[in-house]
Amino acid sequence: TGATRGPAHGLPSDSLSPTPSLDHAIHDGFFRARQRCAPPTPPTDLVIVAIDEAAMQELGQWPWSRAVHGDLVRTLHEAGARVIAFDVVFADAEQDPGGANDAYFAAAVREAGNVVLAEDVEFEQQGGARIERRVRPLAALAAAATTGIVKVDLDSDGAVRRSYLERALDDGSRVPAFARVIAERARAARGERVDASDPIAA
């Protein structure tokens with residue numbers, strides 16, 4: 001299985017199809033049929049810690065202090081979490097004196113040793129071209145964690161119908177998908193074989 005690059009320069013994923021509406025209908029119909037015939041079984045060992053209204057009522061409006069995230073990592077690690085993943089791109093430093101909260105968060109991530117952080121891709125207009133820019137976590141966080149790219153590719157109707165195992169960027173680098181990194185880390189933590197040549201199995 002090779003890497004899929006995603007739409008060129010931010011174009012919709014279906015931009016090369018001569019009949020995108022027909023393609024969408026066939027694709028959606030197949031997945032609706034599969035859902036009826038063989039609905040997936042939700043995992044029993046997955047916990048989502050949501051950033052929702054209830055959490056914001058308790059902790060205040062987003063963004064929260066990085067100390068909160070550091071405390072969360074330590075709590076989850078002590079509870080036995082195999083993998084801890086943040087679907088948040090911590091690209092900017094927190095505005096606290098001396099960067100103490102960022103340092104605390106980075107230390108918690110490093111000590112846990114099983115944290116996956118998100119990175120993203122943005123597009124910048126330079127002359128007549130749109131250039132990809134990789135958006136990574138702060139250097140101290142990126143050095144302490146494994147990262148994966150969370151960028152999703154939308155079709156022309158705004159739906160997400162496809163994903164990728166890794167993304168090839170304009171600068172020639174290849175970045176694994178966020179979900180793939182989590183799956184591979186979880187398999188390794190369970191003592192299961194991770195075969196990078198067969199990423200679908202992860």
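The values are calculated or read from the model by the stated rules, or taken from the named source; none is laboratory data. None of the values given here were measured: they were computed from a predicted structure. Neighbour counts run over all protein chains shown; Cβ positions are idealised from the backbone, glycine included. Accessible surface areas use protein heavy atoms only, side chains included; no ligands, DNA or RNA. Shrake-Rupley method; radii C 1.70, N 1.55, O 1.52, S 1.80 Å.
Of all residues in region 132-175, which are closer than 26 Å to Leu22 by Cα and either touching a Cys at 6+ places or on another chain (Cβ under 7 Å) or not hydroxyl-bearing (Ser, Thr, Tyr) (or both)? Explain how you work it out, then say what you get.
Residues of region 132-175 that are closer than 26 Å to Leu22 by Cα, as a first pass: 151-165.
Residues satisfying the conditions are Lys151, Val152, Asp153, Leu154, Asp155, Asp157, Gly158, Ala159, Val160, Arg161, Arg162, Leu165.
Taken together, Arg110, Arg133 contain a single residue that is open to solvent by 70 Å² or more (accessible area, probe 1.4 Å) and part of a strand (DSSP E or B), which is Arg133. Residues in region 115-130 that are open to solvent by 20 Å² or more (accessible area, probe 1.4 Å) and of a type in the set (Asp, Glu) were compared, and the one that is farthest from Ala93 (Cα to Cα) is Glu124. For region 151-168, the set of residues classified as closer than 20 Å to Phe90 by Cα and either of a type in the set (Asp, Glu) or surrounded by fewer than 19 Cβ atoms within 10 Å (Cβ to Cβ) (or both) consists of Val152 only.
The rows are residues; the columns are (1) assigned to a strand (DSSP E or B); (2) touching a strand residue (DSSP E or B) at 6+ places or on another chain (Cβ under 9 Å); (3) in contact (Cβ under 8 Å) with a residue 12 or more places away in the chain; (4) on the phi > 0 side of the Ramachandran plot.
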position	(1), (2), (3), (4)
Met56	no, no, no, no
Ala67	no, no, yes, no
Gly70	no, no, yes, no
Arg74	no, no, yes, no
Arg82	no, no, yes, no
Val116	yes, yes, yes, no
Leu141	no, yes, yes, no
Arg162	no, no, yes, no
Arg167	yes, yes, yes, no
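Return the residues of region 87-103 that are part of a helix (DSSP H, G or I) and surrounded by 19 or more Cβ atoms within 10 Å (Cβ to Cβ); say none if nothing qualifies. Can you show your working first?
So in region 87-103, the residues part of a helix (DSSP H, G or I) come out as 97-103.
Correct list: Asn101, Asp102.
Looking at region 180-194 only, could you name the residues that are part of a helix (DSSP H, G or I) and either open to solvent by 70 Å² or more (accessible area, probe 1.4 Å) or touching a residue at least 60 places away in the same chain (Cβ under 8 Å) (or both)? Passing the criteria: Val181, Ile182, Arg185, Ala186, Ala189. Any residue at all in region 149-167 that's in contact with a Pro (Cβ under 8 Å, 6 or more places away or on another chain) and either of a type in the set (Phe, Trp, Tyr) or closer than 16 Å to Ile84 by Cβ (or both)? Checked against the condition, which is being in contact with a Pro (Cβ under 8 Å, 6 or more places away or on another chain) and either of a type in the set (Phe, Trp, Tyr) or closer than 16 Å to Ile84 by Cβ (or both), region 149-167 yields no hits at all. From the list Ala140, Ala129, Ala118, the lone residue that is of a type outside the set (Val, Ile, Thr) and within 18 Å of Ala103 (Cβ to Cβ) is Ala140.
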